[in-house]
Amino acid sequence: MPELPSPMVADSVGNDERAARIDRVRLEALRYAVNDESASYIAIMRLFTQGLTGMLSDQSAAEVTARLADVGVDLDEDTVDARLSYLVEHGNLARSPRETEARSLQDYLRNRARYQLTQRGEFVQRQVDELLGHAETATEISSEMLGAILQGLRELARQPEDLSGVAPEELAQRIGTVFAQFDRLVHSTREFYTYLTQVLSRFDLERAEFQAFKTALLDYLQRFVDEIARHMPQIADVLSALHPRIPALCERANAGQRLVDLEGRAARRAPGLDPDDWGGLVAWFTGSASRASDAEGVRRLAAEAMRSLLVNLRRIVTSSEREHGRHAELLRLARWFDAADDATAHAIWASAFGLYSSRHLGFEVSESDAAVPPTTSWARAPRAEIPIMLRSTGQRRISGASARPEDFTEVKARRLHEHAVAEEERQRAVAEVAGHRGRLERVRLSDAGREALLQLYAAGLAQAATDPSAGARARADTSVAIPGHDVVLRIRTTPGSGTVITSPSGRLRLVDRSLAVEPVMQAREGVS
């Protein structure tokens, strides 16, 4: 009998799968920035993230279309509405719960959806704008923050043992300042070493350029290493004395009234006001029992960078046979072109760049390709797709066994299952509508039920409008059968009276229209 997994292992696997699904849903918010219509999506998102006015407002598709036209993006309203729905689907925007009043179904469909920014959408767009505006240049390390961090930690260490007399706002300000300075130090250090890695891997620098860069960089690295060596022991001592008091400091800084979310959880505050936030700062300067401090790692990376610079410089200086990098090779090639006659220049061109005169190749095209008349000029004819075998070997033979035909059984089964689930959901929605007998003056439906009701309502209006035998009264009082049930949806024109249908997505109000769910026989008697 096979051994079954323990409940603990099954729970762990289930939690991992749920976490992976949650991560995939969150990463969906990045799709709009890399798809084919990314320019229009980014322009739309910027309308929602520009200033507090855009973040706190909700906008309809018509308003977004007009604002896009003001910034030079020409899109029709239907396309904008599709873009906004895509952003809602991927979590960047959400539909606003604000109610709208419509006097016709067309007005309702046009203005029913208003959109507002989500927290995830604001975060993603902020990162996108930062990436697009990022300049890949050298960034200095904010080493001046070391002294400021040391001063701030000393001020925290001088706080009295009894913190009841310390103002929570003042204490939170001191802690937040230390962590803001620490974040700037870490961020600038990471950017600097990323740039340094790119420089050390370049092989196109001239000797004079590399020597000048080497001198400036070596001096800068040495100053940074000296700064760390001077401040790191002092910061480590202050952190060791301050470490036992971190929970008490955070508790006092968090005293007073706090903002809570809809689930009753306390809102996140600035870094450093939670004792767990201090782990990164302590590890950066003092390390732990299992690893050295990050500051020590930064010093080690600086020393390795110095050695790499010296090695590259030595290779450039001692190279006597050829210049270092492509720059000198291209200059030499230009001198050859300048001194060559016409025939020699063509030979150099073909040898250096692999460009030869045109060759006319003949092979049978596939039946799906459109035939091109032989009189068509090569400059206007479409590009011919040359098979890889013909291009590499000059032969048309096909080597290897035929590929196994792809099996679509699983895909078909999945599509059939999805169709069955969708049909079951539609039937439940229709049954929900059919279950509300009598006049639907004020009724609450699910979103799926509301969608089913709108489809029945539209079908009834279309049926009355296209029936040539129906008179004016029949057009004002019509009915449509509800599939699968012995009832109909009756639509009446009732001036001064309407119908209000509430769902999780909002409230639908039909002006001067009354809806009722009636048995088939009763509906026929009412119409006759």
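Throughout, read-outs are computed from the coordinates displayed, never taken from laboratory work. This structure is a prediction, so every number in the text was calculated from the model and none was measured. With ideal geometry, Cβ positions are generated from the backbone for all residues, glycine too; neighbour counts draw on all protein chains shown.
Residues whose amide H falls under 5 Å from that of ARG507, counting only those 5 or more places apart or on a different chain, are THR100, with hydrogens built in the peptide plane.
Taken along the Cα-to-beta-carbon direction at a fixed 7 Å, the label points for ARG268 and ALA448 span 3.4 nm. Length available on full extension from ALA339 to GLU17: 0.36 nm per residue minus the Cα-Cα distance, which gives 109.1 nm. Distance between the modelled labels on TYR195 and GLU425, one decimal in nanometres: 5.0 nm (7 Å Cα→Cβ projection). Computed 3J(HN,Hα) for segment 415-420, one whole-Hz value per residue from the Karplus formula 6.51 cos²θ - 1.76 cosθ + 1.60 where θ = phi - 60°, is 5, 5, 5, 4, 5, 5, glycine and proline marked x. Applied to segment 75-85, the Karplus parametrisation 6.51 cos²θ - 1.76 cosθ + 1.60 on θ = phi - 60° returns per-residue 3J(HN,Hα) values of 9, 6, 5, 5, 5, 4, 4, 5, 5, 5, 5 Hz, with x for Gly and Pro.
Here the Karplus relation 6.51 cos²θ - 1.76 cosθ + 1.60, evaluated at θ = phi - 60°, turns the backbone of segment 58-70 into coupling constants of 10, 9, 8, 5, 5, 5, 5, 4, 5, 5, 5, 4, 5 Hz, with x for every Gly and Pro. Estimated at 0.36 nm per residue, the fully extended path between SER497 and ALA303 surpasses their Cα-Cα distance by 61.6 nm. What FRET efficiency comes out for ARG184 versus GLU296 if R0 is 22 angstrom and r is the Cβ-Cβ distance? Round to the nearest 0.05. Calculated value: 0.65.
With a Förster radius of 22 Å applied to the beta-carbon distance between TRP378 and ALA350, the computed FRET efficiency rounds to 0.70.
In this simple spin-label approximation, GLN127 and ARG26 carry label points 7 Å from Cα along the Cα→Cβ vector, and these lie 0.9 nm apart. Under 5 Å between amide hydrogens, built in the peptide plane, is the criterion, and for ALA516 it picks out LEU440, ARG490 among residues at least 5 positions away or on other chains.
Residues of segment 149-190 falling in the label zone of ALA255, defined by backbone nitrogen less than 16 Å from a point 7 Å along Cα to beta-carbon, are 159-175.
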